[in-house]
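Shown next, in structure tokens, is the structure this report addresses.
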Amino acid sequence: MPWLPINGCACLYIPPPIGGEVFDNSILNMLLPMHIQLDSVGKIVHVGPTLAKLFLTGTPLEGQYLFKHIQFNFPKNLSSFDNLKTHYGSPLIAQLHSHKEFDLKAVAVPMPHNTGVLVNFAFGTSLKEAVSFWNLNGKDFSPTDPSVEMLYVIEVQSALLEESQSLNDRLNGQREEAEEKAYTDPLTGLSNRRALDRYMKRFNRRRKPSAYSLFLIDLDHFKLVNDTLGHSAGDKVLQDVAEILLNETRPTDIVVRSGGDEFLLVLEGDQTKEQLEDIAKRIICKIKRPISWGAQKCYVGASIGIVNCHTKRPDTIEYYLQTVDEALYVSKKDGRGRYCFAP
């Protein structure tokens with residue numbers, strides 16, 4: 001009994017009965033579940049079971065013209081049955097009119113004695129998406145079709161990629177957390193001196209020269225709180241002061257706990273002396289309010305040194321820090337609870 005080669009597969013050819021030639025559809029359905037048989041004028045004679053699932057028309061396709069349901073994008077201008085017959089054995093790319101988001105690979109071969117055309121389709125690179133969209137399974141493919149194995153490989157690769165991405169996300173999260181800890185004061189959550197150095201480097205690298213002001217704040221009578229109420233009470237005072245300073249600054253500014261009971265503010269922008277005085281007065285007023293610690297009250301104050309700075313000047317941040325420290329010393333020497341501008 002003869003065998004007919006179709007798209008690389010040897011398909012059994014059934015001898016024709018009286019009146020014409022036919023294929024045994026049950027064999028073709030098994031070997032080529034995504035094929036279409038056309039008659040001599042391009043009308044659909046039979047549709048493979050998997051391909052039939054893709055149309056979802058609800059009405060039989062037999063007797064309808066192929067190009068009513070399928071368009072060929074490659075080669076170009078392949079838009080008629082006569083064109084199709086000139087491309088026997090050539091690779092084709094097609095789309096269903098109802099689902100143009102999926103490209104299908106195809107090949108067309110003639111039926112014996114020019115009784116029609118057989119076109120076989122495959123998903124190609126859209127295999128994974130198509131299987132998910134139409135809910136296909138292994139039974140929808142030929143037993144010799146590697147698509148099922150390809151799906152398994154794709155799923156394994158996707159799982160490995162997902163796990164790799166998850167691992168990278170965890171590592172990135174841990175690195176970001178470690179970096180955040182390296183630049184954060186653990187007690188108050190404020191920036192630390194390392195964060196200040198990084199901030200000032202970026203600030204000084206700006207193309208446009210910028211003005212800014214430094215406030216150096218030292219708490220008055222803080223040692224007395226630690227000595228009389230304990231370090232836990234002192235920690236509560238530092239945390240409350242940190243909150244006050246954050247509320248008195250903008251998101252573009254930086255608040256630093258520079259050490260012990262000392263805090264540093266970097267206020268961006270060119271502000272007048274009156275504006276800076278208002279900020280200093282508010283900070284001093286709020287910090288001197290009693291802070292509750294259980295049934296006790298903690299009383300501290302604030303002395304402040306202030307210096308105006310500008311990135312166009314040759315002075316370094318170390319110079320400005322020394323200058324503002326000298327201004328702070330003057331405010332403490334003059335009686336505490338005060339602010340003093342550097343000359």
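The values are calculated or read from the model by the stated rules, or taken from the named source; none is laboratory data. Keep in mind the model is a prediction, meaning the values are calculated, not measured. Glycine gets a Cβ as well: all are built from the backbone with ideal geometry, and neighbour counts include every protein chain shown. Please note that ligands, DNA and RNA were not included when accessible areas were found on the heavy atoms of the full protein model with its side chains. Shrake-Rupley method; radii C 1.70, N 1.55, O 1.52, S 1.80 Å.
Please go through segment 86-135 and give me each residue that is closer than 18 Å to L28 by Cβ and at pLDDT below 90, ordered by number.
M111, P112, H113, T115
Output yes when any residue across segment 87-95 is open to solvent by less than 60 Å² (accessible area, probe 1.4 Å) and in contact with a Lys or Arg (Cβ under 6 Å, 6 or more places away or on another chain), and no when none is.
Filtering segment 87-95 for residues open to solvent by less than 60 Å² (accessible area, probe 1.4 Å) gives 87, 89-90, 92, 94-95.
Subsequent filtering for residues that are in contact with a Lys or Arg (Cβ under 6 Å, 6 or more places away or on another chain) retains none.
No; the residues of segment 87-95 include none that is open to solvent by less than 60 Å² (accessible area, probe 1.4 Å) and in contact with a Lys or Arg (Cβ under 6 Å, 6 or more places away or on another chain).
When you look at L171, is it surrounded by 15 or more Cβ atoms within 10 Å (Cβ to Cβ) and at pLDDT below 90, yes or no?
no
Take segment 265-299 and flag every residue that is touching a Ser or Thr at 6+ places or on another chain (Cβ under 9 Å) and open to solvent by less than 70 Å² (accessible area, probe 1.4 Å).
Result: L265, V266, L267, E268, G269, Q271, L276, I279, I284, C298.
Just one of R313, R282, R250 is under 45 Å from the mean Cα position of the chain (by Cα) and modelled with pLDDT under 90; which is it?
R313
Testing I306 on (1) open to solvent by 90 Å² or more (accessible area, probe 1.4 Å); (2) in a strand (DSSP E or B), one condition comes back false. Which one is that?
(1)
Given the conditions (1) open to solvent by 50 Å² or more (accessible area, probe 1.4 Å); (2) aliphatic (A, V, I, L, M); (3) touching a strand residue (DSSP E or B) at 6+ places or on another chain (Cβ under 6 Å), which single one is not true for L214?
The one condition L214 does not meet is (1).
Looking only at strands (runs of 3 or more DSSP E) that fall completely inside segment 187-279, which ones have 1 or more residues that are over 23 Å from R338 (Cα atoms)?
Counting at least 1 such residues, we get 211-220.
Out of the residues in segment 174-188 that are out of contact with any strand residue (DSSP E or B) (no Cβ under 9 Å at 6 or more places or on another chain) and open to solvent by less than 90 Å² (accessible area, probe 1.4 Å), which is nearest to G301 (Cα to Cα)?
A182
What number of residues within segment 290-303 are in a strand (DSSP E or B) and of a type in the set (G, A, S)?
Our first condition is that a residue be in a strand (DSSP E or B); within segment 290-303, this holds for 291-293, 296-298, 301-303.
Next, from what is left, pick out any that are of a type in the set (G, A, S): 292, 301-303.
Result for segment 290-303: 4.
Any residue in segment 121-149 that's surrounded by 13 or more Cβ atoms within 10 Å (Cβ to Cβ): show its pairings with residues that are among the aliphatic types (A, V, I, L, M) and part of a loop (DSSP other than H, G, I, E, B) at Cβ separation under 6 Å, as long as the two are six or more apart or on different chains.
F121/M34
Has segment 319-338 got any residue that is in a strand (DSSP E or B) and either on the phi < 0 side of the Ramachandran plot or surrounded by fewer than 12 Cβ atoms within 10 Å (Cβ to Cβ) (or both)?
No, segment 319-338 contains no residue that is in a strand (DSSP E or B) and either on the phi < 0 side of the Ramachandran plot or surrounded by fewer than 12 Cβ atoms within 10 Å (Cβ to Cβ) (or both).
Every residue, every condition in (1) crowded, with 21+ Cβ neighbours inside 10 Å; (2) farther than 16 Å from H97 by Cβ, yes or no:
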site: S26; (1), (2): no, yes
site: L31; (1), (2): no, yes
site: L38; (1), (2): yes, yes
site: P60; (1), (2): no, yes
site: K68; (1), (2): no, no
site: N73; (1), (2): no, no
site: S79; (1), (2): no, no
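Could you please tell me which pairs satisfy a Cβ distance under 6 Å, a separation of 6+ or placement on different chains, a first residue in segment 13-36 that is of a type in the set (V, I, T), and a second residue that is modelled with pLDDT under 50?
Hits for this filter: I27/L12.
Which pairs have Cβ atoms under 8 Å, sit 6 or more apart or on different chains, and link a residue in segment 267-284 that is under 19 Å from K312 (Cβ atoms) to one that is open to solvent by 80 Å² or more (accessible area, probe 1.4 Å) and among the charged types (D, E, K, R)?
Going by the 8 Å Cβ cut-off, the qualifying pairs are L267/R250; E268/R250.
With respect to K105, determine if the residue is touching a Gly at 6+ places or on another chain (Cβ under 6 Å) and open to solvent by 70 Å² or more (accessible area, probe 1.4 Å). Let's see the steps before the verdict.
Values: touching a Gly at 6+ places or on another chain (Cβ under 6 Å): yes; open to solvent by 70 Å² or more (accessible area, probe 1.4 Å): yes.
It is true that K105 is touching a Gly at 6+ places or on another chain (Cβ under 6 Å) and open to solvent by 70 Å² or more (accessible area, probe 1.4 Å).
Being closer than 20 Å to Y183 by Cβ, among the small types (G, A, S) and open to solvent by 20 Å² or more (accessible area, probe 1.4 Å) is the filter here; which residues of segment 217-264 pass it?
S258, G259, G260 - these are the residues of segment 217-264 that are closer than 20 Å to Y183 by Cβ, among the small types (G, A, S) and open to solvent by 20 Å² or more (accessible area, probe 1.4 Å).
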